1. At 1.4 Å probe size, with no ligands or nucleic acids counted, give the accessible surface of SER308 in Å², nearest ten.
2. Students often check this: by mean Cβ neighbours within 10 Å, which of 142-148, 218-224, 327-333 ranks highest, and how do the rest follow?
3. Taking the DSSP beta bridges in the chain as the whole, what percent of them are antiparallel, to the nearest 5?
4. Roughly to the nearest percent, how much of the accessible area of segment 125-363 is carbon and sulfur, given a 1.4 Å probe?
5. Starting from the alpha-carbon convex hull of segment 125-363, give the projected area averaged over all orientations, in nm².
6. Going by average Cβ density within 10 Å per residue, which order do the peptides 135-141, 74-80 take, highest to lowest?
7. Helix 201-211 versus the longest principal axis of the chain: what angle, 0 to 90°, nearest 10, using Cα atoms?
8. What's the carbon and sulfur percent of segment 6-121's accessible surface, probe 1.4 angstrom, rounded to a whole number?
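The values are calculated or read from the model by the stated rules, or taken from the named source; none is laboratory data. What you see is a predicted model, and the numbers here were worked out from it, not measured in a lab. Counting neighbours? That spans all protein chains shown, and the Cβs are built from the backbone with ideal geometry, glycine included. With ligands, DNA and RNA removed, areas are computed over all heavy atoms of the protein, side chains included. Shrake-Rupley method; radii C 1.70, N 1.55, O 1.52, S 1.80 Å.
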Amino acid sequence: MKTGIIKNVEVKVLELPLKKQWKISLYEQTTRAHAVVRIQTDEGVTGYGEAAPSPAFMGETGYTMETVIKRYLADAVAGESVFHTDRLHEKMNAAIYGNYAAKAALDMAFYDAMGKLTGVPACRLMGGKYRDRVALSWVVGMQDLDASIEEAKEKLKLGYRVLKIKVGRTPETDTALVKRIRAEVGDDVPLRLDANQGYDAVTALQVFGRLEEFGLESIEQPVRRWDIRGMKMLRERLKTPVMADESVSDFHAVGQMIRESACDYVNIKVGKVGGLTMAKKIAAALEAEGLLATAGSNLEVGIGSAASIHFSAATPNVSLPGDLLLGGPLHQHDIIVEDFEVNDGFVTVPDTPGLGIEVDESIFK
Ligand SMILES: [Mg+2]
């Protein structure tokens, strides 16, 4: 039996340039810091993980991940088996509180290594392939109106299943944007609006109360992450489902949202909540309440995206189209050798052992 004892942990920060400026209500940037983790087991098997958190969203960046992993987490996991995921998280949490992107990158590497040690794709370690392919949403970042329309139409032509639009700037700009996009794409395209905490609860009620007439699939994180009462009020007063993203920053935060009945949906980001182990627990908590989820993105590229694809494939209630392939197309280059297979707005779940990707090893040089 393979032991999977963690012998070595490396981390590399890559400041990857974006094709064009990425702007949401919280921040704007033209490059993004990704931290890539490479672990090695005593059998010589390699596991990879990656996260690309934004400072304003999570309080972490690729650079804090590097420090946290090197100074605290590498020692915490060394000598432990990659198969002991709950104990690994206990050890990581004892070494340092929070820092879930850093823990997520390591957790992905555990699953990649476990899959390679046992010869199965990562999704089979999480319940197996509930679905063979996963539906994709495309996220239209903030830019001028004409550029937004052009991007929306181009992505719909590629088959994306949901158009997610970044809002939360001002009521006037949001109204003009949503009205125009709805007119241009027709009535059948599901529109998800993500305000990234852009509004106070009273303004959010006014804005989204008006925007509902354009037909919305959901409204994501309309108010500040800590405003649970605001989320609940909007859920009660709006017809459109309300989705929590920043408000569910970790496993225990989902408990509070459920207890307060403060959201209909949750955007579970593997890189936000501490990795696949924790994402599965959050999904299970929601499943117990009959709630649905989506898998979002922090603009991670190939490795992080692969983890999210395996999670979505293996988790029945992660059934809403997800932002799974966002970081790859938005950046000038990726860190995996072969791109994912995408057909008609669905990504095929990789079938080879572990995360099922080949990492461009030159990034470690
Ligand atoms: Mg979001």
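1. 0
2. Details: 142-148: 14.0, 218-224: 25.7, 327-333: 17.3.
Per-residue Cβ counts within 10 Å, averaged per peptide and sorted highest first, yield 218-224, 327-333, 142-148.
3. Values: 27 of 49 bridges.
Bridges in the chain that DSSP calls antiparallel: roughly 55 percent.
4. Working: 4320 of 8970 Å².
Carbon plus sulfur share of accessible area: 48 percent.
5. Numbers: hull surface 49.7 nm².
Value for segment 125-363: 12.4 nm².
6. Working: 135-141: 22.4, 74-80: 17.3.
Peptide ranking by packing, descending: 135-141, 74-80.
7. Roughly 70 degrees between the two axes.
8. Numbers: 2110 of 4440 Å².
Accessible surface attributable to carbon and sulfur in segment 6-121 totals 47 percent.
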